[in-house]
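Quick note: the coordinates plus some simple rules give every number you see, no bench work behind them. Keep in mind that what you see is a predicted model, and the values were worked out from it rather than measured. FYI the Cβ positions are ideal-geometry reconstructions off the backbone, even for glycines, and counts take in every protein chain you see.
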Amino acid sequence: MESRKVIIVGSGPAGYTAALYASRADLKPLVILGSEPGGQLTTTTEVENFPGFPEGIQGPELMENMKKQTERFGTEYLSAMVTSVDLSKRPFKVETDNGDKFEAETLIISTGASAKYLGLENEKELIGKGVSACATCDGFFYRNKIVYVVGGGDTAMEEATFLTKFASKVTIVHRRDTLRASKTMQQRAIDNPKIDFLWDSAVSEILFDDTGVTGLKIKNLKTEEENQVDTHGLFMGIGHSPNTGFLNGQIDLDDHGFIVPTNSPHPDTNIPGVFACGDVQDSYYRQAISAAGSGCMAAIRAEKFIEDQA
Ligand code: NDP
């Protein structure tokens, strides 16, 4: 079984930054990329708030740059998903869906979070047939069509704004009458003539035929009135849940499934030698830059841990 000083599980800004620091510390890290190499920023467009890019940068390009920077210092990558870990003793054991087995002196968990869905009947079967959680991936298919976006946060505003490049009209369905999104992103959506809002409303049913989504039933939560609308697209913009299932209860999680840091401000977990960074342990900031910062901290903690064991 291959043995490593540091294995990094997940590859968003947190994982790549951890890899950068670990490789520069000569720890020869292995990054197991996961199902969405590069993480959530690979499905976004313009990133305007990552310092160092006065004109902004495209999310996928930023992630590609981060990866290249780590490769310069010898980080290795494996295209696989971690299916299970054994954290009961060191070295930790890691298994992937390719059947690879590794031992690791330290583990850095940076598996991020995935888009949430509403939980409506047939919703999951309709992914790719009108239901989506990624406007940048699927927006192109909605040229001159009417689409709906659910949510009132930055994700919903960003998805809706992006979709106006293709769609003839975008309606944001929000369950309250005030938005959670940052002022700038709210304003951008409000000012966009192709976007309108349905306040105090929820999608109650997705209508479909063999071709995919054909319409929605939308309920006004104050009046209980339900209306049917025609549409080919429903985009989720209702937040994300942390990817912690593979830990199988071996790491302390909070009520929403986020890893609980045990030695704040350090990114330590309840298992010595296992560190967590990025959105998988952060339900508050959830920014690329804070994820990158915590990735740096996790790598420095892993380096210190290995030194202390020697
Ligand atoms: P948020 O948690 O901020 O917002 C989720 C939204 O979805 C809320 O308006 C919430 O309603 C609504 N919602 C949640 N669950 C449901 C449900 N079951 N049914 C209907 N509506 C629901 O998540 P985001 O993904 O928008 O943002 C997360 C973080 O990422 C934020 O910090 C944000 O700033 C950041 N971000 C930044 C971007 C950028 O800078 N380019 C782009 C995207 C995100 P309610 O308000 O009632 O709770």
Identify all residues within the range 97-123 that are assigned to a strand (DSSP E or B) and under 18 Å from residue 245 (Cα atoms); write none if there are none. 107, 108, 109, 113, 114, 115
Out of everything in the range 184-207 that is among the charged types (D, E, K, R) and away from the ligand (no atom under 11 Å from the Cβ), what residue ends up being surrounded by the fewest Cβ atoms within 10 Å (Cβ to Cβ)? 191
Within the range 274-296, the count of residues that are surrounded by 20 or more Cβ atoms within 10 Å (Cβ to Cβ) and either of a type outside the set (A, V, I, L, M, F, W, C) or within 11 Å of residue 108 (Cβ to Cβ) (or both) comes to 11
Cβ-Cβ under 7 Å pairs, at least 6 apart or on other chains, the range 233-262 side among the hydroxyl-bearing types (Ser, Thr, Tyr), far side away from the ligand (no atom under 12 Å from the Cβ) and not in a loop (DSSP other than H, G, I, E, B): 244/253; 244/259; 244/280; 262/268
Determine if the range 20-31 includes at least one residue that is among the acidic types (Asp, Glu) and in a strand (DSSP E or B). no
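Table: residues versus (1) within 13 Å of residue 235 (Cβ to Cβ); (2) among the basic types (Lys, Arg).
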position: 132; (1), (2): yes, no
position: 145; (1), (2): yes, yes
position: 149; (1), (2): yes, no
position: 154; (1), (2): no, no
position: 159; (1), (2): yes, no
position: 177; (1), (2): no, no
position: 181; (1), (2): no, no
position: 193; (1), (2): no, no
position: 196; (1), (2): no, no
Working carefully through the options 12, 56, find the one that is within 16 Å of the ligand (Cβ to nearest atom), farther than 24 Å from residue 302 by Cα and among the small types (Gly, Ala, Ser). 56
